[in-house]
Amino acid sequence: MTPEQFIDKWSRADRTERQAAQEHFGDLCRVLGEPTPNDPGIDPAGYTFEKGVSKTDGSGGFADVWKRGHFGWEYKKDRANLDRAYQQLQLYSVALENPPLLVVSDTKRFRVYTNWTNTVQEKHDFTLEDLAHTETRDLLRNVFRHPERLQPKKTREQVTKDVAKDFSTIAERLRMAGHAPEKVAHFLNRIVFCLFAEDVNLLQDDLFKRLLDTLAKRREQIPERSQRMLSELFAEMRTGGEYGLEHILHFNGGLFDDDEALPLDADSLDILRNISKQDWSSIDPSIFGTLFERFLDPDKRAQIGAHYTDPEKIMMIVEPVIMRPLNAEWEAVKAELNEILSRSRGKPSKAVLDRAEAQLDVFLKRLADVRVLDPACGSGNFLYLALQSLKDLEHRITIEAVDMGLALRVIHCGPQNVKGIEINQYAAELARTSIWIGNIQWMRRNGFEARKEPVLEELDAIECRDALVTKKEDGSYDEALWPAAEFIVGNPPFLGDRMLIGGLGEEYSETIRRMYLGRVPRGADLVCYWLKRHEQRRFHGKQTASDWLRRTVYEVARIGKS
C-alpha cells in the first residue's frame with residue numbers, strides 16, 4: 001500500500017475504535033514495509049495485538065498493540081481525547097515491560113511519547129496527511145525498528161539547572177523591588193508547582209501558559225495585572241473551583257494556603273514565559289531543590305555552582321541504611337510465601353491463597369509504616385530519594401506477588417513515610433515541594449492516577465525549626481525532640497569549634513556547649529552535637545549511631561574530595 005492510498009482510505013473512514021484499530025495498524029505496517037503481529041513466523045510472546053495486562057490499579061485490560069522492547073500502542077476512536085489514551089497506556093506500562101516508546105492514535109492523528117528514565121520526555125505529534133512526508137514515515141520506522149534513535153539527548157539534570165538559573169534572575173528582581181526574601185521564595189515556589197502541575201495535566205489545557213500569554217499581550221500595567229490574575233488562580237488552587245471557564249482541582253497542602261501573589265515586571269514575565277516552554281513534567285527534584293535554595297537565599301548565593309549532594313552519593317547512604325535491610329526482609333518473606341504456595345499440588349486452594357495473601361499484607365503494612373527522618377533535611381534530597389526507593393520496592397513486591405499468583409495491590413508508600421527537620425524556611429518549603437513533585441512523577445511514571453483531591457497532602461512532618469535546642473517562652477532552652485523514625489539519614493552540618501560563635505552566635509554556641517557538657521567535648525565540631533543527639537534518642541530500627549556516623553562522614557568526605 002502506498003502512503004497516498006493509505007491517506008485516501010483512512011481520511012474517508014469513520015468507524016469505531018474496535019472496528020478500525022487492527023485494520024488501520026495492518027495498513028500502516030504495509031505502508032512502512034513492516035510485518036504485522038498476524039504475519040506468519042511472528043512470535044506472539046514479543047509482538048501482538050490486544051496484549052492482556054494487569055493495570056497498576058489492580059484491574060485488567062488490553063493494550064491494542066505491543067512490541068517487546070519497542071512500544072505499546074493504544075488506539076481511540078476518531079476525535080477522542082488522546083491525553084486520556086496516554087494515561088490509559090501508562091497504566092499498562094509496567095505490565096508491558098516499560099517499553100521505551102508509548103504511542104497513542106486514532107485513524108487520523110498520531111502521538112509518540114518517549115519513555116526512557118532520567119531523560120526529558122519528548123512528544124512527536126503528526127497527522128494522517130503528514131505520512132506523505134518521508135521524514136514522518138522514517139520516524140515511524142524507527143518506532144518499529146530503532147526506538148533508541150528517538151531517545152532524548154537532554155537529561156533532566158541539564159534542564160533543571162537551566163530553569164534554576166532563570167528563576168534566580170526573577171528572584172533577584174523581586175528582591176530589588178523591595179519584597180522580603182521569604183515572600184519571594186514562597187511565591188516562586190508556587191510558580192514552580194504551577195508549571196509542573198500544568199505539564200502533568202493537573203492544571204489542564206495549558207492554563208498557566210495561556211495566563212502568561214494573556215498578560216504579555218498588553219504590556220501596560222503588567223505588575224498589577226499579573227498580581228491580580230495569579231492571586232485569583234492561587235485562591236482557586238486553595239480549595240478547588242472555577243477560574244474563568246476552567247475547573248481547578250483542590251491543591252492546597254499548605255503551599256496554596258492563601259491567595260497572596262507578588263507583582264511581576266515585564267522582563268520577569270518574559271523570562272517566565274520562556275521558562276514555561278520547558279518540559280516541567282521531567283524536572284529533577286533531587287537537584288532542583290538544592291539549586292533553587294541557593295538562588296533564592298542571599299546568604300547562600302556564594303555557593304552557586306558549588307558541588308551539591310548528587311543522587312549517586314545520597315544512594316550510598318540510602319541503599320545500605322534503608323533499602324538493604326528492607327530488601328533482605330522481603331526476600332525472607334518471599335521465601336516463606338513460595339514455601340506456602342508450593343505445598344499445594346497444582347493450583348493452590350483458597351485457604352492456601354488466603355494464608356499467603358494475609359502474610360503478604362502484613363509485610364506491605366510494615367513497609368507502609370516505615371518512617372525515614374532527615375534531621376537536617378535541607379531542600380529534601382535525601383527524603384526525596386528515600387521515598388522514591390521505598391515506592392520502587394513496594395511496586396516490585398506487588399509485581400513479584402502477582403507472578404506468584406497473588407492479587408495485585410495498590411501502592412501505599414507516599415509522602416507520609418518521610419519526616420524532616422530544617423531551620424531554613426526556604427529549604428523546608430522546598431523539601432515539601434520536592435517530595436510532592438517526586439511523588440506525582442513516580443505515580444505518573446508507573447501508571448497511577450495522580451488526580452485525587454486534595455492533590456497535595458499536608459506535609460507537617462517537614463518541620464521548620466532547630467534540631468538541637470528548643471527555646472522556651474521564659475527564654476531558657478531544652479534539648480529539641482526528634483520525631484519517631486525507624487531510619488535516620490542525611491548530611492548533618494559541619495562547623496569547626498572556632499567558627500561556632502561566628503556562624504551561630506555566642507548565645508546559641510554557649511547554649512549547646514552547656515547543654516551537652518560532659519557528653520560532647522567543648523572543642524568539638526558542630527556535627528558531634530548532632531551525633532550525640534542521635535545516640536540518646538530511643539530508636540527501634542536496626543541502624544546504630546555508629547552506622548550513621550560512619551556513612552555520613554564517609555559521604556561528606558567524598559563530597560569534599562570531588
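The values are calculated or read from the model by the stated rules, or taken from the named source; none is laboratory data. The structure presented is a predicted model; accordingly, all values stated were derived computationally and were not measured. Every residue, glycine as well, gets a Cβ built from its backbone with ideal geometry; the counts of neighbours run over all protein chains shown.
The residues on offer are Arg498, Arg537, Arg513, Arg551, and the sole one that is within 25 Å of Ser476 (Cα to Cα), in the same structural domain as Ala467 (by TED's automatic domain parsing), surrounded by 16 or more Cβ atoms within 10 Å (Cβ to Cβ) and at pLDDT below 85 is Arg537. Among the residues of the range 235-246 satisfying the criterion of being modelled with pLDDT of 90 or more and loosely packed, with under 15 Cβ neighbours inside 10 Å, which is nearest to Asp205 (Cα to Cα)? Result: Glu242. Out of Leu385, Leu393, Leu341, Leu337, one residue alone is within 22 Å of Ala467 (Cβ to Cβ) and either part of a helix (DSSP H, G or I) or touching a residue at least 12 places away in the same chain (Cβ under 8 Å) (or both). It is Leu385.
Going through Val402, Val370, Val410 one at a time, which residue ends up being surrounded by fewer than 13 Cβ atoms within 10 Å (Cβ to Cβ), touching a residue at least 24 places away in the same chain (Cβ under 8 Å), under 30 Å from Ile437 (Cα atoms) and assigned by TED's automatic domain parsing to the domain that holds Leu468? Being surrounded by fewer than 13 Cβ atoms within 10 Å (Cβ to Cβ), touching a residue at least 24 places away in the same chain (Cβ under 8 Å), under 30 Å from Ile437 (Cα atoms) and assigned by TED's automatic domain parsing to the domain that holds Leu468 holds for just one of Val402, Val370, Val410, which is Val410. Surrounded by 20 or more Cβ atoms within 10 Å (Cβ to Cβ) and modelled with pLDDT of 90 or more - does that describe any residue in the range 442-457? Looking through the range 442-457, none of the residues is surrounded by 20 or more Cβ atoms within 10 Å (Cβ to Cβ) and modelled with pLDDT of 90 or more.
Taken over the range 77-135, the residue count meeting the criterion of being part of a helix (DSSP H, G or I) and aromatic (Phe, Trp, Tyr) is 2.
Considered as a group, the residues in the range 59-103 that are surrounded by fewer than 16 Cβ atoms within 10 Å (Cβ to Cβ) and more than 19 Å from Gln22 (Cα to Cα) include one that is modelled with the lowest pLDDT, and that residue is Ser59. The residue list Val333, Val352, Val321 contains one member that is assigned by TED's automatic domain parsing to the domain that holds Lys391, in contact with a strand residue (DSSP E or B) (Cβ under 7 Å, 6 or more places away or on another chain) and surrounded by 12 or more Cβ atoms within 10 Å (Cβ to Cβ), which is Val321. For Gly346, the criteria (1) part of a helix (DSSP H, G or I); (2) within 23 Å of Leu408 (Cβ to Cβ); (3) out of contact with any helix residue (DSSP H, G or I) (no Cβ under 6 Å at 6 or more places or on another chain) hold in every case but one, which is (1).
Collect the residues in the range 258-270 that are out of contact with any Asp or Glu (no Cβ under 9 Å at 6 or more places or on another chain) and either within 16 Å of Thr169 (Cβ to Cβ) or surrounded by 13 or more Cβ atoms within 10 Å (Cβ to Cβ) (or both), keeping them in residue-number order. Those that are out of contact with any Asp or Glu (no Cβ under 9 Å at 6 or more places or on another chain) and either within 16 Å of Thr169 (Cβ to Cβ) or surrounded by 13 or more Cβ atoms within 10 Å (Cβ to Cβ) (or both): Glu260, Leu262, Leu264, Asp265, Ala266, Asp267, Ser268, Leu269, Asp270. Filtering the range 145-178 to residues that are in contact with a Pro (Cβ under 9 Å, 6 or more places away or on another chain) and of a type outside the set (Asp, Glu) leaves Pro147, Leu150, Gln151, Thr160, Ala171, Leu174, Arg175, Ala177. For Leu249, are the conditions met, namely being surrounded by fewer than 21 Cβ atoms within 10 Å (Cβ to Cβ), in contact with a helix residue (DSSP H, G or I) (Cβ under 8 Å, 6 or more places away or on another chain) and either among the hydrophobic types (A, V, I, L, M, F, W, C) or modelled with pLDDT of 95 or more (or both)? Criteria met by Leu249. Annotation note: of Glu198, Glu224, Glu232, Glu220, the sole residue that is without any contact (Cβ under 8 Å) to a residue 24 or more places away in the chain, outside the structural domain of Tyr113 (by TED's automatic domain parsing) and either more than 18 Å from Thr433 (Cα to Cα) or part of a helix (DSSP H, G or I) (or both) is Glu220.
Condition test on Gln425, is it polar (S, T, N, Q), modelled with pLDDT of 85 or more and either exposed (fewer than 15 other Cβ atoms within 10 Å of the Cβ) or within 23 Å of the chain's Cα centre (by Cα) (or both)? Considered against the rule, which asks whether it is polar (S, T, N, Q), modelled with pLDDT of 85 or more and either exposed (fewer than 15 other Cβ atoms within 10 Å of the Cβ) or within 23 Å of the chain's Cα centre (by Cα) (or both), Gln425 comes out as no.
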